[in-house]
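One structure below.
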Amino acid sequence: MQIIHDFKIPVKKYSELGQNNNFPHPEECPHCHDKLHKHGFYHRYVITIDGKCFWILIRRYKCQHCGKTVSILPAFLFPKFQRSLNYIICCMKEYLLQKKLILYKQAVYFYLHRFT
Ligand SMILES: [Zn+2]
């Protein structure tokens, strides 16, 4: 499960801070309401609207009761997408309002389909 959290910092700053970001610690497991324990990090990439690619860390917690994990996803990301949320919204907006493609057509159609 992923919990989306607004760190209120830009992607670049989040990337630079790495493990030193101010990660929230969820009070309880969303599945069984037991305590969550820190469970390391995983990394992923994010592509911002200016075409830059950043390597970022995602904090993970694990419930020792039910064994499920919870990740804290920064709000500038959209789950399972590499491009930032701003980038995706901008692509859809440009296409819907001006029929302008700032990404290849297949990707824009994919985003539109996912959001509808
Ligand atoms: Zn649990």
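A few comments on the model shown:
- Total residues in segment 35-46, condition open to solvent by 70 Å² or more (accessible area, probe 1.4 Å) and within 14 Å of the ligand (Cβ to nearest atom): 3
- Within segment 90-105, the residues that satisfy the criterion of being closer than 16 Å to Thr116 by Cβ, surrounded by 15 or more Cβ atoms within 10 Å (Cβ to Cβ) and under 21 Å from the mean Cα position of the chain (by Cα) are Cys91, Met92.
- Exactly one residue out of Ile49, Ile4, Ile56 is of a type outside the set (D, E, K, R) and open to solvent by less than 30 Å² (accessible area, probe 1.4 Å), and it is Ile56.
- Single match in Leu77, Leu17, Leu57, Leu73 (criterion: in a helix (DSSP H, G or I) and either hydrophobic (A, V, I, L, M, F, W, C) or within 16 Å of the ligand (Cβ to nearest atom) (or both)): Leu17
- Test set (1) surrounded by 12 or more Cβ atoms within 10 Å (Cβ to Cβ); (2) within 16 Å of the ligand (Cβ to nearest atom) - Gln64 fails condition number: (1)
The values are calculated or read from the model by the stated rules, or taken from the named source; none is laboratory data. As the structure is a computational prediction, the values presented were derived from the model and not from experiment. With ideal geometry, Cβ positions are generated from the backbone for all residues, glycine too; neighbour counts draw on all protein chains shown. Just so you know, the surface numbers come from the protein's heavy atoms only, side chains and all, with ligands and any DNA or RNA stripped out. Shrake-Rupley method; radii C 1.70, N 1.55, O 1.52, S 1.80 Å.
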